[in-house]
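In what follows, a structure is listed as C-alpha coordinates, so that the remarks can point back to it.
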Amino acid sequence: MGASSTPVQDPLQRGLHRDGRRLTPQRQIILDLFEQIGAGRHLSAEDVHQRLLESDTKVSLATIYRTLRLLVEMGFLQELELSEAGRRFELSSGEHRDHHHLVCIRCGRTEEFENASVIDAGQTAADRHGFELIESTLNVRGVCPDCR
(Lines give C-alpha, C1' and ligand atoms only; values in the text may rest on other atoms or scores of the structure.)
Protein backbone atom coordinates (compact mmCIF):
# COMPACT_ATOMS: atom_id res chain seq x y z
CA MET A 1 0.00 0.00 0.00
CA GLY A 2 1.46 3.31 -1.04
CA ALA A 3 1.62 6.40 1.11
CA SER A 4 -1.21 8.03 -0.83
CA SER A 5 -3.54 5.02 -0.92
CA THR A 6 -5.90 6.39 1.73
CA PRO A 7 -7.27 9.94 2.02
CA VAL A 8 -7.55 9.58 5.81
CA GLN A 9 -4.07 8.14 6.30
CA ASP A 10 -2.61 11.47 7.46
CA PRO A 11 -5.40 12.21 10.02
CA LEU A 12 -5.26 8.58 11.18
CA GLN A 13 -1.49 8.68 11.52
CA ARG A 14 -1.60 12.04 13.35
CA GLY A 15 -4.33 10.80 15.72
CA LEU A 16 -2.45 7.62 16.49
CA HIS A 17 0.83 9.46 16.99
CA ARG A 18 -0.84 11.98 19.31
CA ASP A 19 -2.10 9.05 21.42
CA GLY A 20 1.33 7.36 21.39
CA ARG A 21 0.27 4.63 18.94
CA ARG A 22 1.57 3.56 15.55
CA LEU A 23 -0.12 3.25 12.18
CA THR A 24 0.36 -0.48 11.75
CA PRO A 25 -0.15 -2.17 8.39
CA GLN A 26 -3.13 -4.03 9.87
CA ARG A 27 -4.84 -0.80 10.96
CA GLN A 28 -4.29 0.72 7.54
CA ILE A 29 -5.57 -2.40 5.73
CA ILE A 30 -8.77 -2.47 7.77
CA LEU A 31 -9.48 1.21 7.21
CA ASP A 32 -8.66 0.81 3.50
CA LEU A 33 -11.25 -1.98 3.30
CA PHE A 34 -13.99 0.31 4.65
CA GLU A 35 -12.94 3.08 2.27
CA GLN A 36 -13.06 0.68 -0.68
CA ILE A 37 -16.60 -0.50 0.09
CA GLY A 38 -17.72 3.07 0.85
CA ALA A 39 -20.06 4.75 3.30
CA GLY A 40 -23.32 3.02 4.06
CA ARG A 41 -21.94 -0.52 3.98
CA HIS A 42 -22.05 -2.37 7.30
CA LEU A 43 -19.56 -5.08 8.20
CA SER A 44 -19.11 -7.20 11.31
CA ALA A 45 -15.64 -8.08 12.57
CA GLU A 46 -16.18 -11.53 11.07
CA ASP A 47 -17.11 -9.96 7.69
CA VAL A 48 -13.89 -7.93 7.77
CA HIS A 49 -11.90 -11.06 8.64
CA GLN A 50 -13.51 -13.02 5.79
CA ARG A 51 -12.93 -10.28 3.22
CA LEU A 52 -9.29 -9.96 4.23
CA LEU A 53 -8.81 -13.74 4.00
CA GLU A 54 -10.40 -13.70 0.53
CA SER A 55 -7.81 -11.12 -0.54
CA ASP A 56 -4.98 -13.28 0.91
CA THR A 57 -4.43 -10.83 3.76
CA LYS A 58 -3.97 -12.47 7.13
CA VAL A 59 -5.02 -10.42 10.15
CA SER A 60 -6.16 -12.18 13.29
CA LEU A 61 -9.76 -11.77 14.41
CA ALA A 62 -8.53 -10.41 17.76
CA THR A 63 -6.55 -7.69 15.95
CA ILE A 64 -9.59 -6.86 13.85
CA TYR A 65 -11.77 -6.44 16.96
CA ARG A 66 -9.17 -4.18 18.63
CA THR A 67 -8.67 -2.14 15.47
CA LEU A 68 -12.40 -1.67 14.90
CA ARG A 69 -12.83 -0.39 18.47
CA LEU A 70 -9.88 1.98 18.01
CA LEU A 71 -11.20 3.32 14.69
CA VAL A 72 -14.61 3.93 16.30
CA GLU A 73 -12.96 5.78 19.22
CA MET A 74 -11.03 7.92 16.75
CA GLY A 75 -14.17 8.73 14.74
CA PHE A 76 -13.21 6.98 11.49
CA LEU A 77 -15.89 4.30 11.87
CA GLN A 78 -19.36 4.25 13.40
CA GLU A 79 -20.61 1.26 15.35
CA LEU A 80 -24.12 -0.09 14.98
CA GLU A 81 -25.31 -2.50 17.69
CA LEU A 82 -27.90 -4.96 16.45
CA SER A 83 -29.35 -7.58 18.78
CA GLU A 84 -29.84 -10.09 15.95
CA ALA A 85 -26.70 -9.42 13.93
CA GLY A 86 -24.27 -8.28 16.64
CA ARG A 87 -22.09 -5.25 16.10
CA ARG A 88 -21.64 -3.81 12.64
CA PHE A 89 -19.28 -1.07 11.55
CA GLU A 90 -19.44 1.52 8.81
CA LEU A 91 -17.24 4.32 7.54
CA SER A 92 -18.03 7.62 9.24
CA SER A 93 -19.34 10.31 6.98
CA GLY A 94 -19.81 13.91 8.10
CA GLU A 95 -22.42 14.59 5.43
CA HIS A 96 -24.41 11.44 6.29
CA ARG A 97 -24.21 11.61 10.09
CA ASP A 98 -27.85 11.45 11.23
CA HIS A 99 -29.09 8.43 9.32
CA HIS A 100 -31.19 5.49 10.37
CA HIS A 101 -31.17 1.74 9.80
CA LEU A 102 -33.78 -0.77 8.72
CA VAL A 103 -32.55 -4.16 9.95
CA CYS A 104 -33.81 -7.64 9.05
CA ILE A 105 -34.23 -9.65 12.27
CA ARG A 106 -33.49 -12.91 10.44
CA CYS A 107 -30.44 -12.29 8.25
CA GLY A 108 -29.13 -8.97 9.55
CA ARG A 109 -29.45 -7.19 6.20
CA THR A 110 -29.20 -3.48 6.93
CA GLU A 111 -30.52 -0.64 4.79
CA GLU A 112 -30.01 3.03 5.56
CA PHE A 113 -32.57 5.78 5.31
CA GLU A 114 -32.87 9.43 6.29
CA ASN A 115 -35.87 11.06 7.87
CA ALA A 116 -35.98 14.63 9.13
CA SER A 117 -38.93 13.86 11.43
CA VAL A 118 -36.77 11.47 13.48
CA ILE A 119 -34.09 14.13 13.85
CA ASP A 120 -36.70 16.73 14.77
CA ALA A 121 -38.23 14.41 17.38
CA GLY A 122 -34.78 13.83 18.88
CA GLN A 123 -34.11 17.56 19.02
CA THR A 124 -37.51 18.25 20.60
CA ALA A 125 -36.94 15.60 23.28
CA ALA A 126 -33.42 16.89 23.95
CA ASP A 127 -34.66 20.47 24.27
CA ARG A 128 -37.52 19.46 26.56
CA HIS A 129 -35.16 17.72 28.97
CA GLY A 130 -32.25 20.16 28.73
CA PHE A 131 -29.96 17.86 26.71
CA GLU A 132 -27.58 18.88 23.98
CA LEU A 133 -28.33 16.63 20.98
CA ILE A 134 -25.20 14.88 19.71
CA GLU A 135 -26.77 12.60 17.14
CA SER A 136 -30.15 11.19 16.28
CA THR A 137 -30.40 7.64 14.95
CA LEU A 138 -33.15 5.05 14.80
CA ASN A 139 -32.96 1.30 14.23
CA VAL A 140 -36.13 -0.14 12.74
CA ARG A 141 -36.46 -3.92 12.88
CA GLY A 142 -38.35 -5.98 10.32
CA VAL A 143 -38.12 -8.94 7.94
CA CYS A 144 -36.57 -8.34 4.52
CA PRO A 145 -38.16 -9.64 1.30
CA ASP A 146 -35.59 -12.45 1.00
CA CYS A 147 -36.44 -13.81 4.49
CA ARG A 148 -40.24 -13.66 4.21
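Here residue 134 passes the criteria (1) of a type in the set (A, V, I, L, M); (2) modelled with pLDDT under 85; (3) in contact with a strand residue (DSSP E or B) (Cβ under 8 Å, 6 or more places away or on another chain) except the one numbered (3). Among the helices (runs of 4 or more DSSP H) confined to segment 17-130, the ones with at least 3 residues that are among the charged types (D, E, K, R), closer than 30 Å to residue 147 by Cβ and at pLDDT 85 or above are located at 45-54.
Inspection of segment 42-51 identifies no residue that is closer than 25 Å to residue 114 by Cβ, of a type outside the set (S, T, N, Q) and either surrounded by fewer than 15 Cβ atoms within 10 Å (Cβ to Cβ) or in contact with a helix residue (DSSP H, G or I) (Cβ under 7 Å, 6 or more places away or on another chain) (or both). Residue pairs whose Cβ atoms lie under 7 Å apart, separated by 6 or more positions or on different chains, with the first residue in segment 43-60 and within 15 Å of residue 27 (Cβ to Cβ) and assigned by TED's automatic domain parsing to the domain that holds residue 30 and the second of a type in the set (A, V, I, L, M, F, W, C) and not in a helix (DSSP H, G or I), are 52/59. Taking the criterion of being surrounded by 10 or more Cβ atoms within 10 Å (Cβ to Cβ) and over 21 Å from the mean Cα position of the chain (by Cα), the residues of segment 125-141 that qualify are 125, 126, 127, 131.
The values are calculated or read from the model by the stated rules, or taken from the named source; none is laboratory data. Bear in mind the structure is a predicted one, so any value in this text is a computation, not a measurement. Don't worry about glycine lacking a Cβ; one is built from the backbone with ideal geometry, like all the others, and counts go over all protein chains shown.
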